[in-house]
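Beneath this line is the structure, given in structure tokens, with notes to follow.
The values are calculated or read from the model by the stated rules, or taken from the named source; none is laboratory data. Model, not experiment: these values are computed from the prediction. Cβ placement follows ideal geometry from the backbone for every residue including glycine, while neighbour counts extend to all protein chains displayed.
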Amino acid sequence: MKVQWDEVEAKQKSENHSMRELEFSSFYLTRHEYEAGWFDENHQHPEMQFSYVLEGSMSVFIKGGDVIEQGQGQSIFIQSMAMHRSTAPTTRTVALNLYMKNIVPLSS
């Protein structure tokens, strides 16, 4: 499947944040565009999240851990139900997030 992100409907999440989303049965993939100064509130979700910065940079705050500075070409992993928040304080940032749904641990 080839994805043309500009053909996926953009949703305006806030004045300085837009998102495009592709949803499948076991995961969804989002492309976020953040303007400089964007930030979100603490939140958590049941999905595991992989985040990859395509351009720009952002800071990710995970409760109980250090601040992770994420630059272009870098990725991070956020565990299911981990309290976290992010910000793109100084530059326009574009990121891809992969959210894995309904993950059942493998038994040994």
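Quick one: which of Met1, Met81, Met58 is of a type outside the set (S, T, N, Q) and without any contact (Cβ under 8 Å) to a residue 24 or more places away in the chain? Break it down into steps so the answer makes sense when it comes.
Working: Met81 fails: without any contact (Cβ under 8 Å) to a residue 24 or more places away in the chain; Met58 fails: without any contact (Cβ under 8 Å) to a residue 24 or more places away in the chain.
Only one candidate qualifies: Met1.
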For the range 13-25, what are the residues that are loosely packed, with under 10 Cβ neighbours inside 10 Å and polar (S, T, N, Q)? Ser25
For the range 1-44, the count of residues that are outside any loop (DSSP other than H, G, I, E, B), within 19 Å of Ile78 (Cβ to Cβ) and polar (S, T, N, Q) equals 1
All-but-one check, Asp40 against (1) under 12 Å from the mean Cα position of the chain (by Cα); (2) over 14 Å from Thr87 (Cα atoms); (3) at pLDDT below 95, failing number (2)
Scan the range 45-82 for residues that are modelled with pLDDT of 95 or more, part of a loop (DSSP other than H, G, I, E, B) and more than 24 Å from Glu15 (Cβ to Cβ) and jot them down. Gly73, Gln74
